[in-house]
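*Asks:* Once you've had a glance at the structure underneath, I'll fire off some questions.
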Amino acid sequence: MAKRKPHFFYRNGLSIVFLSFFIVAWVAQAFFGWKQHNDEIMELGAQPIAFVHYLSSGHFFSSTFENFQSEFLQMAMYVILTISLRQIGSAESKDLVKPEEVDREPDPSKKDAPGPVKRGGWQLWLYQQSLSIAFVLLFLGSWAGHLYGSYTDHNEQRALHGEPEQSLGAFLGEPDFWFETFQNWQSEFLSVASIVILSIFLRQKGSPESKPVDAAHWETGK
């Protein structure tokens, strides 16, 4: 009897669930951010803005990309640093001595090898670095979005207080933007350090982010 192919949700459940969580949380953030922003500007004597207009405001851009950039920074650093750095006993580290499957040279003769592997040359080189490049570009784009949003919101607040618009250079000398930035970065670095260290001693049966339950504490890798 032929084996049935797993259904679509079973094959894509992890991405579907996380994207669903993301959309729900983002909509909730937008709604409550709109309420908060209207409360703030009404206290200063301005008229509340419509929800659709809030979605293009500096306040929404700043709060959204402030979070995006720290997440993409976390993933970029994690992907890049785990190439060469090790942590004995961690499920998140490569083995201290043995060669890893991820380090082997790509084989263009493999039946299902991606196109760039078969073509070789610069396309293969770029494809070999594509994950870290993607995360770095997403981080830089999100950082720019956070800067744009914070700068726009800053000048909108100044206008409501009857103050002149501030230049971008002057804004970058203010502590607010950098406080928002490093406030998010430090939490991401802590979360990565936590899973690297906790996976040495703790286990979760069934999770690919954990070592087998019966693995020794100092056994490195999954």
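*Asks:* Please tell me the relative contact order of the chain in percent, rounded to the nearest whole number, where contacts are Cα pairs under 8 Å and at least six residues apart.
*Replies:* For the chain, the relative contact order is 29 percent.
*Asks:* Using the Cα centre of the chain as the reference point, and only Cβ charges (+1 on K/R, -1 on D/E), how large is the resulting charge dipole? Debye, rounded to the nearest 20.
*Replies:* For the chain, the charge dipole is close to 1720 debye.
*Asks:* A further question on this structure: Pull out a ≥ b ≥ c, the square roots of the eigenvalues of the alpha-carbon gyration tensor of the stretch 65-221, then state rounded if a/c is under 1.5, prolate if not and a/b is larger than b/c, and oblate in the remaining case.
*Replies:* Numbers: a/c = 3.65, a/b = 1.68, b/c = 2.18.
Oblate shape, in that a/c is at least 1.5 and b/c is the bigger or equal ratio.
*Asks:* If you don't mind, another one. Within the stretch 1-90, report the GluC sites (Glu not before Pro) that DSSP leaves as loop and that have at most 16 other Cβ atoms within 10 Å.
*Replies:* none
*Asks:* Okay, next question. Report in % the part of the accessible area of the stretch 1-105 that belongs to carbon and sulfur, leaving out ligands and nucleic acids; probe 1.4 Å.
*Replies:* It is 68 percent, rounded to a whole number.
*Asks:* While we're here: When the convex hull of the Cα atoms of the stretch 122-180 is projected onto a plane and the area is averaged over all directions, what value comes out in nm²?
*Replies:* 5.3
*Asks:* In nm, to one decimal, how far is the residue 102 label point from the residue 129 one, both placed 7 Å along Cα→Cβ?
*Replies:* Output for this residue pair reads 1.8 nm.
*Asks:* If each residue of separation counts as 0.36 nm, what is the full-extension length gain between residue 205 and residue 185 once their alpha-carbon separation is subtracted? Display every interim value, and only then the final one.
*Replies:* Numbers: separation 20, 0.36 × 20 = 7.20 nm, distance 3.00 nm.
Using 0.36 nm per residue and subtracting the Cα-Cα distance, I get 4.2 nm.
*Asks:* What list of ³J(HN,Hα) couplings, whole Hz, do you get for the stretch 131-140 from phi and the Karplus terms 6.51, -1.76, 1.60, once you set θ to phi - 60° and write x for glycine and proline?
*Replies:* Per residue, the Karplus-derived 3J(HN,Hα) values read 5, 5, 4, 4, 5, 5, 5, 5, 5, 4 Hz.
*Asks:* Still on this structure, I have one more. Where is the GNM fluctuation largest for the chain (alpha-carbon springs, 10 angstrom cutoff): 210, 167, 142?
*Replies:* Result: 167 has the largest fluctuation of those listed.
*Asks:* With an 8 Å Cα cut-off and a minimum separation of 6 or more residues, compute the relative contact order for the stretch 101-199 in percent.
*Replies:* 11
*Asks:* Between the DSSP loop rule and a limit of at most 14 other Cβ atoms within 10 Å, which GluC sites (Glu not before Pro) in the stretch 138-222 are left?
*Replies:* Of the GluC sites (Glu not before Pro), the ones in loops of the stretch 138-222 whose Cβ has at most 14 other Cβ atoms within 10 Å are 165, 209.
*Asks:* Add -39500 (n - 2.57) for each DSSP H run of 4 or more in the chain, then divide by its residues: what number comes out at 222 nm, to the nearest 500 deg cm²/dmol?
*Replies:* Using -39500 (n - 2.57) per qualifying helix, the result is -22000 deg cm²/dmol.
*Asks:* Tell me which trypsin sites (Lys or Arg not before Pro) from the stretch 87-158 have a DSSP coil assignment and no more than 11 other beta carbons within 10 Å of their own.
*Replies:* Here the trypsin sites (Lys or Arg not before Pro) that fit, given the DSSP loop and packing criteria, are 104, 110, 111.
*Asks:* Under 1.5 on a/c is rounded, so check that first for the stretch 1-59, then, if it is not, pick prolate when a/b is larger than b/c and oblate when it is not; a ≥ b ≥ c are the square roots of the alpha carbon gyration tensor eigenvalues.
*Replies:* prolate
*Asks:* Compute the label zone of residue 28 within the stretch 64-86: residues whose backbone N is under 15 Å from the point 7 Å along Cα-to-Cβ.
*Replies:* None, by backbone N distance to the label point.
*Asks:* I would also like to ask the following. Put a dot 7 Å past each Cα toward the Cβ at residue 56 and residue 21; how far apart are the dots in nm?
*Replies:* 3.3
*Asks:* Answer rounded, prolate or oblate for the stretch 1-104, using the Cα gyration tensor with square roots of eigenvalues a ≥ b ≥ c: rounded when a/c is under 1.5, else prolate when a/b is larger than b/c, else oblate. Spell out each step's value before the answer.
*Replies:* On the way: a/c = 4.64, a/b = 1.79, b/c = 2.59.
In terms of gyration-tensor shape, oblate.
*Asks:* Then there's this: Please give the FRET efficiency for residue 8 paired with residue 43, using the beta carbon to beta carbon distance and R0 = 45 Å, rounded to the nearest 0.05. Kindly include the intermediate steps, with their values, before the conclusion.
*Replies:* Working: r = 49 Å, r/R0 = 1.09.
Once the sixth-power term is evaluated, E becomes 0.35.
*Asks:* Residues in the stretch 130-146 near a label at residue 174, defined as backbone nitrogen under 19 Å from the 7 Å Cα→Cβ point?
*Replies:* 143-146, by backbone N distance to the label point.
The values are calculated or read from the model by the stated rules, or taken from the named source; none is laboratory data. Keep in mind it's a predicted model, so treat the numbers as computed, not measured. Please note: Cβ atoms are built from the backbone with ideal geometry, for glycine as well, and neighbour counts cover all protein chains shown. SASA here: full protein model, heavy atoms, side chains in, ligands and nucleic acids out. Shrake-Rupley method; radii C 1.70, N 1.55, O 1.52, S 1.80 Å.
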